[in-house]
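Each reported figure results from applying straightforward, stated rules to the coordinates on display, with no laboratory input. If you're wondering where the values come from, they're calculated on a predicted model, not measured in any experiment. We place every Cβ from the backbone using ideal geometry, glycine too, and count neighbours over all the protein chains shown.
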Amino acid sequence: MWPVLLAYYTGAAMAAGAMIAWSGNKKVTGRRKIILFHQEKPLLSCRALLQKRGGQVLKELPLVHALVARIPAEGRVIEELGLHPDIRLIEDDFEVHTVELPASRIQQEKQIVPWGVERIGAPKAWQVATGRRVKVAVLDTGIDAGHPDLAANVRGTQNIKFPGWRAGDGNGHGTHVAGIIAALNNNLGVVGVAPRAEIYGVKIFNRHGDGYISDIVAGLDWALKNKMQVVNMSFGTTRPSQALEEAVRKCVRAGMVLVAAAGNEGRDDSVMYPARYPGVIAVSAIDKNDNLASFSSRGPEVTVAAPGVDILSTYPGGKYRTMSGTSMACPHAAGVAALILAQDRHLSGRQVARIICRTAIKLPGLSPREQGDGLVNATALAAAARFIAARGTADEESAS
């Protein structure tokens, strides 16, 4: 099965090049940029500053105190803005793209436990916790909220990509990811790692799998404002972004659990962003034989490994498909985070990450750069209770 991952599109340089838009009856040609301002400057005055220089403001990014705008390509406007005392950074708002190859269609009726859910020991963990009352945001292509194996757990959707429109999933990637996390234990289709977790579908990519860095930042902002406890990010880019790094940092500091796909680059030192950023749980992929998937990225940033090859899960239209990629490994770890939080919803993201790392199972034959601390382990909830009891010590460590 081919790997599937939201990955940086090699043609993304086009997003940094000249673009054409219409403002009323006036044609605007410019480069799409994220402009980060100093915190003491109100975004309203920042907007006026850009408009005065011919910029077309597209959206606000309050989380990082920035504006997304098309800046005129002619002249030295960008260079002059870069020297303005109110502006601390200007960077490209480049495109991120879903890389998808054919997935296997499955006619699934009677419920089965997918091999990945079984391999990490989730069924045993359900005797202790099922993810109840834990809020998990899936930043992706949207979710089929009416899927019979998801509907009862989907508590909300938000369309960041197309505000005001329904946040459906015309791609399939987001629905598949959501099912791995929280497909219902209902004798139908499949069951997820945390079958009673509350899922929120945050659409940041269109049906073709296209979106911008600014869409990801806006999705994280929504997740923070709406008090999401776990955020699944089954996407990645080879290109760093200061705006994305700052958004991630603020969410981590706020106590959220951020889980991201390591990437499908298939080589060493290739962990992608945002998995590469500090505080994010970066997940590599293994197959049914506990071997590292050939497509999986690896490197010192890998936190844990999880099943990511031939993963059966939900698909739009009440269907099921098998897909592969670190995109599929990532939600296994997000589901375990939900199980841990279901035991104690007051744990911080850093504490959850510490529990996941300390209870992971070392896989023989894989190096730390391939598996991090080991295979994510849902059966470790009893051990997690010991860490919960010692939370005072963990809090002191987190503050240091």
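Panel values: the stretch 312-377, Kirkwood radius from alpha carbon pairs, Stokes-Einstein at 20 °C and 1.002 mPa s, translational diffusion coefficient 157 µm²/s. For the stretch 92-183, the convex hull spanned by the alpha carbon atoms encloses 154 Å³ per residue. Within the chain, helices built from complete DSSP H runs that reach 24 Å or longer along their own axis (Cα positions) and carry a mean Kyte-Doolittle hydropathy of -1.0 or higher are 326-343. Given +1 at the Cβ of Lys and Arg, -1 at the Cβ of Asp and Glu and no other charges, the dipole of the chain around its Cα centre is 840 debye to the nearest 20.
For LYS203, a cut-off of 27 angstrom between C-alpha atoms picks up these lysines, skipping any fewer than 8 places away in its own chain: LYS33, LYS59, LYS135, LYS161, LYS225, LYS227, LYS250, LYS319.
Between ARG133 and GLU80, residue separation times 0.36 nm minus the direct Cα-Cα distance comes to 14.1 nm. Sorting 312-319, 179-186 by their mean Cβ neighbour count within 10 Å, with the most densely packed peptide first, gives 179-186, 312-319. The percentage of C-alpha pairs in the chain whose separation is greater than 37 Å is 20%. Go through HIS84, TRP126, PHE94 and say which Cα lies farthest out towards the positive end of the charge dipole of the stretch 78-157; charges sit on Cβ, +1 for Lys and Arg, -1 for Asp and Glu. Selected residue: TRP126. Estimated at 0.36 nm per residue, the fully extended path between ALA152 and GLN51 surpasses their Cα-Cα distance by 31.8 nm. Semi-axis lengths, largest first, of the ellipsoid equivalent to the stretch 54-144 are 47, 19, 11 Å, with √(5λ) applied to each eigenvalue of the Cα gyration tensor.
Here the stretch 128-155 is scanned for amide nitrogen atoms under 18 Å from the site 7 Å beyond the Cα of HIS208 along Cα-to-Cβ, giving 141-142.
In this structure, SER104 and GLU40 have a Cβ-Cβ separation that, at R0 = 60 Å, corresponds to a calculated FRET efficiency of about 0.65. Short-range pairs are left out: with C-alpha atoms under 8 Å and at least six residues apart, the relative contact order of the chain is 18 percent. In units of the compact-protein estimate 2.2 N^0.38 Å, the stretch 268-352 shows a Cα radius of gyration of 1.18. In terms of Cα atoms, the Rg and Dmax of the stretch 183-239 work out to 14.0, 43 Å.
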